[in-house]
Structure formats: structure tokens, C-alpha cells
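Student: Mind having a look at this structure? Questions to follow.
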Amino acid sequence: MGISMFIDLVSTDNQISCNVKAAKLLGLDTAIYLNELINIHAKALSKNKLNKDGFFRLKRSYITDRTTIKQNRQLEIDENLMDVEIISKDKFDPDLMKVDIEMYASILTNQSNVISNKVEKLVLKKSKS
């Protein structure tokens, strides 16, 4: 095994992480998925790839490859994240989306009772599945 193979093996590009508070609050798969969405959003923003409404295109196969979260589960997570207004999706194309970073931060810092109620609803939904 050459040095480049070892580098690829341990490179941070081949690792995923998530916010611990998000994992506790929203579930591990949701936190990991959301972290990948934020990374994609940041790259789209820096490459000027957001559309006029601030949406980026999500390649679901890329998410599956990065996280092992299958497309049907991604769509379930999308619904949950839309319920708490962390993401929004285009009406006509479910792979065009944007992340509301301020809402996400507000939920993580628990800045309002309204947000707490929304998250409580999501947590209850998560515990039933």
C-alpha cells in the first residue's frame, strides 16, 4: 500500500462529523445528514452555485455515498427538517433546497419556546420511528 492510499484512508475528506447537540436533539442520522447539507450549501455559496432564490441542487446519491443514508430516509429527514423550518425545498424539485442556518442555530441554542415546541414535535416523531 502506497503512502497516497494511507493518506486517502485517514484524510478528513473521508470522514464525517456532526454537532453533538444536534445528534441528541434531532437524532444521529439527521445530524449527520444536516451536516452534509450545510457543507454542500457552503460549497455552493463559495462557487456561486446557488440559484436566484438561494437554493442548491442536492445529489442524493452523493449523500448516500458520504453517509450511507438511503434516498427514502433522506426524504423522511427532509420532511422532519422542513417541519422545524431548518430546510426548505423548491415546490417543483425536491432536490433543490436551502438550509436556514439561523433557524438551526436558534434550535441548538434553544432561543425560543416556539422553536422548542417545534423540536419537541420532531423529537416525538423521531422516537416513534
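The values are calculated or read from the model by the stated rules, or taken from the named source; none is laboratory data. The shown structure was predicted, so the numbers you read here are calculated from the model rather than taken from an experiment. So basically every Cβ, Gly included, is an ideal-geometry build from the backbone, and we count neighbours across all protein chains shown. Surface areas here come from the heavy atoms of the whole protein model, side chains and all, with no ligands, DNA or RNA. Shrake-Rupley method; radii C 1.70, N 1.55, O 1.52, S 1.80 Å.
Student: Scan region 6-42 for residues that are in contact with a helix residue (DSSP H, G or I) (Cβ under 9 Å, 6 or more places away or on another chain), surrounded by fewer than 16 Cβ atoms within 10 Å (Cβ to Cβ) and outside any helix (DSSP H, G or I) and jot them down.
Tutor: ILE16, SER17
Student: Here's another thing I want to ask about it. In region 64-94, which residue that is open to solvent by 40 Å² or more (accessible area, probe 1.4 Å) and among the acidic types (Asp, Glu) is nearest to ILE38 (Cα to Cα)?
Tutor: GLU85
Student: Checking ARG66 against (1) touching a helix residue (DSSP H, G or I) at 6+ places or on another chain (Cβ under 7 Å); (2) more than 24 Å from ILE107 (Cβ to Cβ); (3) of a type in the set (Lys, Arg), only one condition comes out false. Which one?
Tutor: Failed condition: (2).
Student: Criterion first (in contact (Cβ under 8 Å) with a residue 40 or more places away in the chain and closer than 30 Å to SER4 by Cβ) does THR30 satisfy it? Show your work before the answer.
Tutor: Working: in contact (Cβ under 8 Å) with a residue 40 or more places away in the chain: yes; closer than 30 Å to SER4 by Cβ: no.
Here the answer is no, as THR30 does not meet what is asked.
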